[in-house]
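See structure below.
The values are calculated or read from the model by the stated rules, or taken from the named source; none is laboratory data. What you see is a predicted model; the values in this text were computed from it and never measured. A quick note on method: Cβ atoms are made from the backbone with ideal geometry, for glycine too, and the neighbour counts reach across all protein chains shown.
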Amino acid sequence: MKLLATLLVVSSSLFGQDVLRSSLVFHASFDASLNADYSTGDKTCVIKKGKAMVPCEFNDDVKLAPDAGKFGACLHFPKKGVTRPQFSGVNMLGYNDKSWSATVSLWLRLTPDQDLEPGYCDPLQIVGDDGKKGFIFLEWSKDETPRFFRYAIRPLFHIWNPTNVQWADIPFEKRPMVQVAKAPFSREAWTHVAFTLDQVNSKSAKPSGSLFINGKLQGRIENWDLSFAWAPESVAIVLGAAYVGHMDDLAVFNRVLTDQEVTQLFQLEGGVTSLRK
């Protein structure tokens, strides 16, 4: 009976990995390069140079840290720099104006109150052609001690900010975000962060977003009109906006992962690389 139970657990785990694998649309291991290892779109990591997008290379703002990652090597942002690596969302993020769903996963290592410089810090953003048409981000707050960690989905400007005031001046409970007061980030251990986008832009469903830390649900963004107006060709993932710390194993899935699947993703011994083998 014990052997049968073990086989059933292993079989269920492998089936679960197959389902995750089938939904994977992007993975950057950062083991040797800034470029993605796998993508249904463009693998190239780029930065803005004037009006052009050019390949991003390691520099004083973003470095490769061999053997320092959660899985192999990783990215290291040693200071608050100006380099913001990004990946095109075309044919990868799946943004559309009808119903957009996705899950984003990454690992971070830092002690926020000691490592981050003053001001907001966004380790990851999803942007379009205009911030007033929509803006999605992970952030640490700028003034509180300890700093809050947040996941925000800001739709069209007039929806979330009808009185045109500063983000910091809007009461916490009236912002489209999940806020965590004491998130378990540390230089000594890696922290897994995942967030979902569920039917954004849908007029018939109830769009939402969820934040997970180390496989556990922290909260959901609900009861908001999450309407965006991005030009699809402009949508991108941007990394390291004022971020100081390490980052590893960035992945995107083309649907909302269940709570159980996010836990399974967190527990993958080899990270997302194990899904591609």
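Observations, loosely collected:
- Residue match in the range 107-115 (condition: within 30 Å of LEU20 (Cα to Cα) and touching a helix residue (DSSP H, G or I) at 6+ places or on another chain (Cβ under 7 Å)): no
- Only residues that are within 30 Å of PHE71 (Cα to Cα), charged (D, E, K, R) and within 18 Å of the chain's Cα centre (by Cα) were counted across the range 138-190, and they come to 2.
- Residue list for the range 237-271, filter: buried (at least 18 other Cβ atoms within 10 Å of the Cβ) and closer than 18 Å to ALA68 by Cβ: LEU239, GLY240, TYR243, VAL244, GLY245, HIS246, MET247, ASP248, ASP249, LEU250, GLY271
- Strands (runs of 3 or more DSSP E) (entirely within the range 168-277) containing at least 1 residues that are closer than 26 Å to ASN91 by Cα and in contact with a strand residue (DSSP E or B) (Cβ under 7 Å, 6 or more places away or on another chain): 191-200, 208-213, 216-221, 236-241, 245-253
- Selection status of PRO118, under 25 Å from PRO78 (Cβ atoms) and at pLDDT 95 or above: no
- Evaluation of LEU217 against (1) crowded, with 17+ Cβ neighbours inside 10 Å; (2) within 17 Å of GLN179 (Cβ to Cβ); (3) hydrophobic (A, V, I, L, M, F, W, C); (4) out of contact with any Pro (no Cβ under 6 Å at 6 or more places or on another chain) (one fails), failing number: (1)
- Test result for SER234, surrounded by fewer than 16 Cβ atoms within 10 Å (Cβ to Cβ), within 30 Å of ASP67 (Cβ to Cβ) and touching a residue at least 12 places away in the same chain (Cβ under 8 Å): no
- Qualifying position, being on the phi > 0 side of the Ramachandran plot and hydrophobic (A, V, I, L, M, F, W, C), among PHE71, PHE30, PHE26: PHE30
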